[in-house]
Structure formats: C-alpha cells, structure tokens
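Presented below is the structure to which this report refers.
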Amino acid sequence: MGDEGGAPGRAGLVTIGEFARLSRLPAKALRRYDELGLLRPALVDPVNGYRYYDRTQAEAARLVAWLRRIGMPLARIAEVVALDDGAAAAEVRAYWAGVEAETAARRELAVFLAGHLSEKENTAMSNGNETGRGPATLGIRYAALAHPGAVRTAQQDTAYAGARLLAVADGFGAGGAGASAAAVDALKPAARGAVNAADLLGALHDAAESAARAVRDAVGGDRAPAESGTTLTALVWTGERLGLVHIGDSRAYVLRGGELFRITHDHTLVQSMIDDGSLTEEEASSHPQRAMLLRALAGGAPAQPARPDVGLHDTLPGDRYLLCSDGLSAVVDEADVTRTVIAADGPDAAVRALVALAGDAGGPDNVACVVADVVAL
C-alpha cells in the first residue's frame, strides 16, 4: 500500500516505500511534504508518477518531521531546510525563543485572569460589609518627546502621551516613519473605549491586531516586503490600572519605591540567548546582532503574524512610568537612566533629561521617551 510500484531503484534511487523505511516516516507524510514543497523526490516517473528518492535525503526528511513536532509553520520549515546547518540552527533557536516569549506572555495573562476572578469573588463576598473612605481616585500626568539624534537624518520614532494613552514606536526600513505613526494611531480608539479590566483586555487584543494591519497598510499592504515595520510599546490608562501592548525592543519601566523595574521583555535574538543562558547581560551589550528583532509589526503577510504581548498592571500613587525606544536603552546605562528618572521634577523635565542623556552618549539613533506619573486626585 505505502510503495508506489514495485520497480527497483533507478541509478541508486529508492522507491517511496523504501525511503519511508530509511527515514522512519510514513509514505503518506512524504507525499504531503512533496505537495507542500518541503521535500521534493529526486525523481518522479513521467509515465506513472512514482516518486523516487536519494538515500541522502533521509536526514532532511527527519529534520522536516522534527520541525513539525515543535510546531514550526510549514512556510518557515521550507526556509530552514534550505539553509546550511549553522544558519538552520540559528533559525531554530530564533523560532523557539519566539515560542517561549509568547508562552511567557500567556502565562502572565493566565496569572492575571486567575487574580482578576479571585478579586471579583472577594469583592462579591465583602460587598456591603466594608466601611470608611473608599480608594483614592487616581490620575496621570505625562509628557512625551522624540528626537532624531545626532547621526540619523530621518525621524522614525514616534512618542505620544495623552490622558488615556502612552506610547512609543521605533520604525525601521524605508517605511519606518509611517509604520511607527500608524501603530500608535491604531491604539487611540482603544484608549477611548472600555475602562474596566475585563473589557480592556479584549480591547487591547483588538487594538494590537488593528496596529498590525495599520502597519502593513502603511508600508504597502500584504504584498509589501517585510523590511519595513516598527516596534510598539504602549500603556492604556483605565483610571486605576494600565493595560500594556508590547512588541519589539522598545521598553516600559516603572519607578516604585526608589527602584526602576522593567515590565516588558525584549523580542530580540540577544534577549533569547540571555534567557537560555548562552549569553550574559554584559556580553549582550556588545553583541554584533543585539538589534536583531525576533518579533515586530512589519509589512507583508507572514504565515504566522507576530503578536504583541498584552497584559494589565496595577498602579500605586507615586509610580512613575517610563516608555522609551532603544535609542535610549541601548546607549545609556540603566543606572544613569534610573538616577535621571528619580531626580527629574515632573514628567516634562524627565523626558528632556533622558533625551539629553542619549545625546551625551553620541545620539547614534532616534530616541523617543514618554514619562507618566500616577497621582492621587
């Protein structure tokens, strides 16, 4: 049943049935790989259509099967099997780093949802039993500033701060300026919408998808190459919490209790190497591929579009939030950033001081900063 005819091998080639035994894969899978262009037979008989394989193709067939088992999309497998071993290994590492980053984002969402549901239950149980003054009403004060830097002639970073939305986006490629602006603009409707936690999560997911579509349209639609795109890091204010949308290597921090905490995770090759222990933070700072993004909003229509991380963060009066592109984080030591954020008298002074720091460090890239203070009204 599995063999296509009983004809002996031709000039050293073997039938699909024999090759199935060599590669330990069913003939049905081999036919499917052929149809998808992942593994072509060495010869197809023009008369009867029988497939014949070279014995040396067995390793490639097993590689395809392994990549399928880790969940790699077919289109990406086709790219990997065409690479040499070193490049293929790097591509597998990059793919798995993306899987782990998405898994981590889902884990954070699961933790939030469990906490949110528990909070609803506790609120229902204690409803009517609490006395005294209610929680303080919170608000935010904010400022945004973008600068092209000392080297770049074009400004591709976007910084935005409003009563409900804080965002930075770092565009790249020929259409980078339009991409970064489009990504931020796509989030503005979400910032005008629902304010409760449950509704906000859904709104953020919808806004993230809108941002991805807006970027593709801005750089030429689904048929455009993926060389242009943008990172996006944004916070949507609900009145008591901040909703996060994040993809790429722009960052968000919170200053709380005199310490600066990063609340985003870089979607870069070097960050994935830090995560798996193959690179230290110190080595990452000078790595030649430190700017290589694993996830971003880009042109084209990928088989598996990159998805931004989405989550919610509780706030406290006195919190100071910083959003910045890598024009700051990649060139200024985090200790200097921390000291500047602590010392600044208000958001406007903070963004001006941070942009000046990037300039003092040579200003090799565009820089975008947003600072917001959470205050009790």
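So what are the ³J(HN,Hα) numbers for the stretch 203-210, from phi and the Karplus equation (6.51, -1.76, 1.60; θ = phi - 60°), rounded to whole Hz, Gly and Pro as x?
Values, residue by residue: 5, 5, 4, 5, 5, 4, 5, 4 Hz.
Show me 331-339, 85-93, 288-296 ranked by packing, highest mean number of other Cβ atoms within 10 Å first. Could you put the intermediate results ahead of the total?
Values: 331-339: 15.2, 85-93: 13.4, 288-296: 17.2.
Ranking the peptides 331-339, 85-93, 288-296 by packing returns 288-296, 331-339, 85-93.
Accessible area per residue for the stretch 231-360 in Å², computed with a 1.4 Å probe and the full protein assembly in place, what is it?
Numbers: 5460 Å² over 130 residues.
Per residue, the stretch 231-360 has 42 Å² of solvent-accessible surface.
Can you list the residues, at least 5 places off or on another chain, whose amide H is less than 5 Å from the amide H of I140, using H built in the peptide plane?
V375
Hey, what do the phi angles of the stretch 16-33 turn into as Karplus ³J(HN,Hα) couplings, whole Hz, using 6.51/-1.76/1.60 and θ = phi - 60°, x for Gly and Pro?
My calculation for the stretch 16-33 gives 5, x, 5, 5, 4, 5, 5, 8, 6, 10, x, 4, 4, 5, 5, 4, 5, 4 Hz in order.
Please give the per residue volume of the convex hull enclosing the alpha carbon atoms of the stretch 151-301, rounded to a whole number of Å³. Spell out each step's value before the answer.
Working: hull volume 21.8 nm³, N = 151.
That works out to 144 Å³ per residue.
Rounded to the nearest 20 Debye, what is the dipole magnitude of the stretch 219-339 about its Cα centre when Lys and Arg each give +1 and Asp and Glu each give -1 at the C-beta? Kindly include the intermediate steps, with their values, before the conclusion.
Working: 10 positive and 18 negative charges, 92 e Å.
That gives the stretch 219-339 a dipole magnitude of about 440 debye.
Quantify how much of the Cα-Cα distance distribution of the stretch 227-373 extends past 29 Å, in percent.
On the way: 1759 of 10731 pairs.
Distances greater than 29 Å cover 16 percent of the Cα pairs.
May I ask you to order 243-253, 65-75, 199-209 by the average number of other C-beta atoms within 10 Å around their residues, highest value first? Let's see the in-between values first.
Values: 243-253: 25.8, 65-75: 14.6, 199-209: 19.0.
Result, highest mean first: 243-253, 199-209, 65-75.
Residue by residue, what Karplus-based ³J(HN,Hα) values in Hz, rounded to whole numbers, does the stretch 232-240 have, using 6.51, -1.76 and 1.60 with θ = phi - 60° and x for Gly and Pro?
Each residue of the stretch 232-240 in turn: 7, 9, 9, 10, 10, 8, 9, x, 8 Hz.
Mean projection of the alpha-carbon convex hull of the stretch 238-290 over all orientations, in nm²?
Numbers: hull surface 19.9 nm².
Computing the convex hull of the Cα atoms and averaging its projections yields 5.0 nm².
Using a probe of 1.4 angstrom, how much of the accessible area of the stretch 240-336 is carbon and sulfur, in percent?
Values: 2050 of 4220 Å².
Roughly 49 percent, rounded to a whole number.
The values are calculated or read from the model by the stated rules, or taken from the named source; none is laboratory data. On a predicted model such as this, the values are computed, not experimentally measured, just so you know. Ideal geometry is used to build each Cβ from the backbone, glycine not excepted, and the neighbour counts take in all protein chains shown. All accessible areas refer to the heavy atoms of the entire protein, side chains included, with ligands and DNA or RNA removed. Shrake-Rupley method; radii C 1.70, N 1.55, O 1.52, S 1.80 Å.
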